[in-house]
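S.K.: So that we are looking at the same thing, I have put the structure below in structure tokens.
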Amino acid sequence: MASLGIHNIRKTYGDRAKGVEVLKGINLDIADGEFLILVGGSGCGKSTLLNMIAGLETVTEGEITINGKRVNELPPKDRDIAMVFQSYALYPSMNVRENIAFGLSLRKVPKTEQDATIARVAKLLQIEALLNRKPAQLSGGQRQRVAMGRALAREPQIFLFDEPLSNLDAKLRVEMRSEIKLLHKRLGITTVYVTHDQIEAMTLGDKIAVMKDGVVQQFGTPEEIYLQPANTFVASFMGSPPMNLIPATLSVEGERVTAHVRIGETEAHSAALPLNVTAETVKQNLGRRVLLGLRPEHMCDSSRTTGAVAVEVPITMTEITGADALVFTKLGGVDVVCRLHPRSVGQAERAQVHFDMTHAVLFDEASGLRIS
Amino acid sequence: MRPLSADRWLPKLVLSPTLLASLIFVYGFILITIAMSFTESRMLPNWEWAGIDRYVDLFDNDRFWVSAKNLAIFGSLFIVISMAVGLFLAILLDQKIRGEGFLRAIYLYPMALSFIVTGTAWKWMLNPGLGLERIVQQWGFADFTFDWLVNPDKAIYTVVIAGVWQSAGFAMALFLAGLRGVDSEIIKAAQVDGATLPTIYRRIIIPSLRPVFFSVALILAHIAIKSFDLVMALTGGGPGTASDVPAIFMYQFSFSRGQLGVGAASAVMMLMTIMAVMVPLMYAEAKSGNAR
Amino acid sequence: MNAVSRFFLYAILLLAALYALAPLWVMLATSFKSLDEIREGSLIAAPQAPTIAAWGKAWSRACTGVRCDGLQPFFINSLLMTIPAVLISTIIGALNGYALTHWKFRGSEVLFTMLLLGCFIPFQVVLLPMARTLGAIGFVDSVFGLIFVHVVYGLAFTTLFFRNYYIGVPGELIKAARVDGAGFFTIFWRILMPISMPIFMVCVIWQFTQIWNDFLFGVVFAGSDSQPVTVALNNLVRTSTGVKEYNVDMAAAIIAALPTLLVYIVAGKYFVRGLTAGAVKG
Ligand SMILES: Nc1ncnc2c1ncn2[C@@H]1O[C@H](COP(=O)(O)OP(=O)(O)OP(=O)(O)O)[C@@H](O)[C@H]1O
Ligand SMILES: [Mg+2]
């Protein structure tokens, strides 16, 4: 059981002066037993951060603590962590059983205990039939499960997972996801988990850290990240389809602040959308253009919302995904997606969309930061 | 601070003997040799400064120029012919030949032999009295002569013959590996485009072997410049000094004639020659590698 | 491809094979002939009355300079020199390659480039200082001197072989083992060694042929009793007491070539693979 602290971490590969800075001052605090999700674009430094937590990369600057104790100089084997690597990293010369047992035997776990652990893990991950095979004889998904098994065989202080489910088929991925969730509930081991999958991020994490170019953009609960994104990057990174960012102008009508959004491309008229903020908070932005953030599911049918503002918009395209119809339109000169019920769309050229303004957020157009 | 974990210093410890060996026995010794080439050393090292006298001695020595010329002849013919034969055989072998493995093994086995053995064998075969010359005469060409081994103008070419015999198979193996590495989809695409086999080789496959050409040329050049054993065994540098190469020149001046200074100067010239060949080659390769 | 051109294809390939084999055949044939038969017959004819007299003489009685006890003692010298030198240089090269690829540190790339240049120097440029150094530490006249020299100048190649091989081993594999609790040597023995057999074969065969076939170091650094077989062979061929005994020369040449030929026949597949892996990539 352990808490994990990451304080002002910087990482430069190669020469400190000339090299590329990959991590630029990361601060994260994860309490004992918490499940942290790391998300971010490819190459933003997620694996690098995991490697540093594991002790596999040196820390250029800053401090990593486990249970409040600085571990910067501690070699990986003394940190009591288990890690699942992006590329599985199974030992090619060992069969599945030996792969799982390797870490145990180095830690001098008695043979009978090893066997029991292997049996338990193999059952959990449904790899009992594969125990005597070499990694080369396994499929991608099977390898990934063995890699998971190798980590789960130990009960470390901290689990590090680097996109552990990325190569599984959809069904297995769902199963494994709930396995991991249950396992975390049962063992309560502090976990850092890198993923590109929105659903994994939302369902597994106690906390999510969204990274971009070596900087944490936002660190908070899944709900905060989803509903109150700190900036336009987070807003458009999380969620699928992402949050709509609609250029709008603000005005004050009596006590209410209203956002004005141009409808369609050619149409002159605009919609007035009342916001749920006080004039005080937005007074610097009055009369200026801002970005109005609204998730597709908050631009929907009357049946799915109450007390929303209804606006009729032109349809440029419709995608039926099964449960939903994604309706594309133009608002404020940009493409916007609304999530309607398939029945309410049909062949029509226009649609009635209900804007649930309680979930609207505002961003500064220049800096991209949320106005609140 | 706690003591560094073993894994921090073990890699350095493991590499340190090699580093030390390289610093002393490669770089240090090169410096000593260079230094020695500027001294009065004769039978024994004598660290009295002599300026460029030893180089003057060297360049005034006809034998050195003979050896340099021989190296140029031998080196260029050896490299070009070995590569041409090697590439030719590799392309032929690449045509889904039955018994390819067997033929490949036959072409390559000379590589396993010492140059001394090769030299000894060819010396016997090329000897004018009982060797090749006599066979051809026995076949009925009574006035056939083949006396290159004892002909001062031709002796160096016998070294080329033996050298190519030994190294062409090696070039073949490298080229064949390169040919096999060419993406078969590219070849299929070219076939679909209607290219004939010779065109495919000329326009697509051979150009993509660039790095292999580079490696083969590098290795053969290296063998050529170091050539010592083969000449020693085949002609001994003779007749007279007619087939001398710099490696023999260096050996004789340093170890038989007690002219350490001149020997060192000739060794330095060999190093410079290798660098003059390798550096542009490697530079060109690195540049085209970056471009790719 | 039509039948005619395929016929020519095979004809050319077979001719080339005959050419490659011819010297070996001539050597073998000559070594089993008597001197009379050599003088009377043809170079390429098979021996009419095969005799192994020349082989016996080459092995234990022929003169190699002042000594007249054949190649035997020198053959043993070569074995004593080659086997330890091959093993030592291969093991160090393996560890070097491992450290250089998976335990990089500041300066390790520079170190590698530095070592690499060692592959390309003409050895003439280190002969003089090395001769004096070996003299100073008393290594002349023993095989230790030659073992030492071959290890020192073989390291660049063995390191290059292993580096090029290990660079293809994913770094995460080593990381996984470290997280599992393994250290530098444990990872080498348990993870890398089991997958290194191909490159070990390659490196051992390469080093064996290089060291066994070496002549330059042997002739420069060895005393008359510690000479390797290549030097002895050269001496044997050059020592003429009366009639030139070509059959003995040829038998001696084959004896000197036998170990490398044997290695090549037994493990030639790896040899080819090794030459390509090490050279083409490097
Ligand atoms: N050993 C290294 N030397 C130099 N740069 C490196 C090294 N390892 C990674 N990088 C660089 O650091 C940056 C971050 O890499 P990292 O692997 O942490 O990204 P990531 O967030 O895990 O991406 P992905 O989602 O694609 O796995 C990348 O730009 C990468 O090119
Ligand atoms: Mg990654």
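The values are calculated or read from the model by the stated rules, or taken from the named source; none is laboratory data. In this text the structure is predicted, and so the values were computed from the model without any measurement. Cβ coordinates were reconstructed from backbone atoms using ideal geometry, including for glycine residues, and neighbour counts include every protein chain displayed.
S.K.: Do we have any residue at all in the range A:87-108 that's touching a Phe, Trp or Tyr at 6+ places or on another chain (Cβ under 8 Å) and among the acidic types (Asp, Glu)?
M.R.: Yes - at least one qualifying residue is present in the range A:87-108.
S.K.: If you go through the range A:234-271 one residue at a time, how many are outside any strand (DSSP E or B), over 19 Å from A:PHE363 (Cα atoms) and either in contact (Cβ under 8 Å) with a residue 12 or more places away in the chain or in contact with an Asp or Glu (Cβ under 8 Å, 6 or more places away or on another chain) (or both)?
M.R.: Residues flagged as outside any strand (DSSP E or B), over 19 Å from A:PHE363 (Cα atoms) and either in contact (Cβ under 8 Å) with a residue 12 or more places away in the chain or in contact with an Asp or Glu (Cβ under 8 Å, 6 or more places away or on another chain) (or both) within the range A:234-271 amount to 5.
S.K.: Would you mind finding the one in C:SER224, C:SER196 that is in the same structural domain as C:LEU134 (by TED's automatic domain parsing) and under 12 Å from C:PHE74 (Cβ atoms)?
M.R.: Just a single option satisfies the conditions, and that option is C:SER224.
S.K.: Now for a separate question. Looking only at the range A:10-31, which residues are loosely packed, with under 14 Cβ neighbours inside 10 Å, more than 12 Å from chain C (Cβ to nearest Cβ) and more than 11 Å from ligand 1 (Cβ to nearest atom)?
M.R.: Residues satisfying the conditions are A:ALA17, A:LYS18, A:ASN27, A:ALA31.
S.K.: Given the condition of a type outside the set (S, T, N, Q), within 16 Å of ligand 2 (Cβ to nearest atom) and not in a loop (DSSP other than H, G, I, E, B), answer yes or no: does some residue in the range A:163-176 qualify?
M.R.: no
S.K.: From the list A:THR48, A:THR65, which residue is within 16 Å of ligand 2 (Cβ to nearest atom), of a type outside the set (Asp, Glu) and in contact (Cβ under 8 Å) with a residue 24 or more places away in the chain?
M.R.: Only one candidate passes the filter, namely A:THR48.
S.K.: Given the criteria more than 11 Å from chain C (Cβ to nearest Cβ), β-branched (Val, Ile, Thr) and surrounded by fewer than 20 Cβ atoms within 10 Å (Cβ to Cβ), does B:ILE156 qualify?
M.R.: no
S.K.: May I ask you to list the residues in the range A:65-119 that are part of a loop (DSSP other than H, G, I, E, B) and farther than 29 Å from C:SER196 by Cα?
M.R.: A:ASN67, A:GLY68, A:VAL71, A:ASN72, A:GLU73, A:LEU74, A:ARG79, A:ASP80, A:PRO110, listed by residue number.
S.K.: List the pairs whose first member sits in the range A:339-351 and is without any contact (Cβ under 8 Å) to a residue 24 or more places away in the chain, whose second member is surrounded by 14 or more Cβ atoms within 10 Å (Cβ to Cβ) and assigned to a loop (DSSP other than H, G, I, E, B), and whose Cβ atoms are under 8 Å apart, counting only residues at least 6 apart or on separate chains?
M.R.: Pairs that qualify, where the first residue is without any contact (Cβ under 8 Å) to a residue 24 or more places away in the chain and the partner is surrounded by 14 or more Cβ atoms within 10 Å (Cβ to Cβ) and assigned to a loop (DSSP other than H, G, I, E, B), are A:PRO342/A:ASP324.
S.K.: Here's something else I'd like to know. Just for the range B:1-58: of the residues that are in contact with a Gly (Cβ under 8 Å, 6 or more places away or on another chain) and facing chain C (nearest Cβ under 9 Å), which one is surrounded by the most Cβ atoms within 10 Å (Cβ to Cβ)?
M.R.: B:MET36
S.K.: Name the residues in the range C:222-238 that are of a type outside the set (Gly, Ala, Ser) and in contact with a helix residue (DSSP H, G or I) (Cβ under 7 Å, 6 or more places away or on another chain), would you?
M.R.: Within the range C:222-238, C:GLN227, C:PRO228, C:VAL229, C:THR230, C:VAL231, C:LEU233, C:ASN234, C:LEU236, C:VAL237 meet the criteria.
S.K.: Out of all the residues in the range B:237-258, which are away from chain C (no Cβ under 11 Å) and farther than 24 Å from B:THR120 by Cα?
M.R.: Selection gives B:ARG257, B:GLY258.
S.K.: Let me ask something else about it. Identify the residue in the range A:1-45 that is assigned to a strand (DSSP E or B) and of a type in the set (S, T, N, Q) and, among all such residues, is nearest to ligand 2 (Cβ to nearest atom).
M.R.: Taking the candidates together, the pick is A:THR12.
S.K.: Let me ask another. Which number in (1) hydroxyl-bearing (Ser, Thr, Tyr); (2) out of contact with any Leu (no Cβ under 9 Å at 6 or more places or on another chain); (3) surrounded by fewer than 23 Cβ atoms within 10 Å (Cβ to Cβ) marks the one condition that C:SER226 misses?
M.R.: The one condition C:SER226 does not meet is (2).
S.K.: Another question, if that's okay. Run down A:ALA248, A:ALA272, A:ALA259 and say which single residue is under 16 Å from A:PHE355 (Cα atoms) and over 30 Å from the mean Cα position of the chain (by Cα).
M.R.: One residue alone meets the criteria, A:ALA272.
S.K.: Right, something else. Let me spell it out: the conditions are (1) in a loop (DSSP other than H, G, I, E, B); (2) under 30 Å from B:ARG8 (Cα atoms); (3) of a type outside the set (Val, Ile, Thr), and C:SER89 meets all of them except one. Which number is the exception?
M.R.: So C:SER89 meets the others, but not (1).
S.K.: Okay, next question. A:PHE85 is checked against (1) in contact with a helix residue (DSSP H, G or I) (Cβ under 8 Å, 6 or more places away or on another chain); (2) away from ligand 2 (no atom under 16 Å from the Cβ) and fails just one. What number does that condition carry?
M.R.: Only one criterion is unmet by A:PHE85, namely (2).
S.K.: Please determine, by comparing only the residues of the range A:39-60 that are buried (at least 24 other Cβ atoms within 10 Å of the Cβ) and of a type in the set (Val, Ile, Thr), which one is farthest from ligand 1 (Cβ to nearest atom).
M.R.: Of everything passing the filter in the range A:39-60, A:ILE53 is farthest from ligand 1 (Cβ to nearest atom).
S.K.: Something else: Only one residue in A:ARG70, A:ARG97 is more than 16 Å from ligand 1 (Cβ to nearest atom) and touching a residue at least 12 places away in the same chain (Cβ under 8 Å), so which one is that?
M.R.: A:ARG97
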